[in-house]
Amino acid sequence: MAQQYEIKDESGSLFKNEEKSKPNAPDLTGNCKIGGKEWRVAAWMNESKKGKKYYALKFSEPMEKGGASKQDDLPF
C-alpha cells in the first residue's frame, strides 16, 4: 500500500499537467499548505514583453472528490 504524502506547512508541490486538453489549462498543478490551510495551485508558463520567462500562479480552494470546489456551496 502506498504511503500518503503529507504536505508540511509553508510548502507544496507542483506536477506537470499531463491531461492538458485546452490551451488555457495550467501547465503545472499541485497543492500547498499555507497557515495550516491547504490550497490548490495552478501555474502557467508565460513570457514578459522583454522575453523573460516566468510562471503565473493561481491559488484556489481544494476540489472535493465530486469535482466541485468548496466555494460552490455558497448561496449566492
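Structure summary
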| read-out | value |
| --- | --- |
| For residue 17, net neighbour charge (Lys/Arg +1, Asp/Glu -1) across residues whose Cβ lies under 15 Å away | +2 |
| Residue-by-residue Karplus 3J(HN,Hα) for the stretch 37-51, coefficients 6.51, -1.76, 1.60, Hz, glycine and proline x | 10, 7, 9, 7, 10, 10, 9, 10, 6, 10, 9, 6, 4, 8, x |
| For peptides 8-21, 47-60, 30-43, sequence by mean Cβ density within 10 Å, most packed first | 30-43, 8-21, 47-60 |
| ³J(HN,Hα), Karplus 6.51/-1.76/1.60, whole Hz, each residue of the stretch 53-60, x for Gly, Pro | 7, 7, 9, 8, 10, 9, 10, 8 |
| Proximal aspartates and glutamates to residue 37, defined as alpha-carbon separation beneath 16 angstrom and excluding residues fewer than eight positions away on the same chain | 6, 9, 10, 61, 64 |
| Entries of 16/58; 20/58; 16/53; 20/52; 22/50; 22/58 with Cα pairs more than 20 Å apart | 20/52; 22/50 |
| Per residue, in Å², the accessible surface of the stretch 1-57 once ligands and nucleic acids are set aside, probe 1.4 Å | 88 Å² |
| For residue 27, residues with placed amide H under 5 Å, excluding near neighbours | 43, 44, 45 |
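The values are calculated or read from the model by the stated rules, or taken from the named source; none is laboratory data. For clarity, every value in this text was computed on a predicted model and none was experimentally measured. Neighbour counts are summed over all protein chains in view; Cβ atoms, including those assigned to glycine, are modelled from backbone coordinates with ideal geometry. These accessible areas exclude ligands, DNA and RNA; they are computed on the full protein's heavy atoms, side chains included. Shrake-Rupley method; radii C 1.70, N 1.55, O 1.52, S 1.80 Å.
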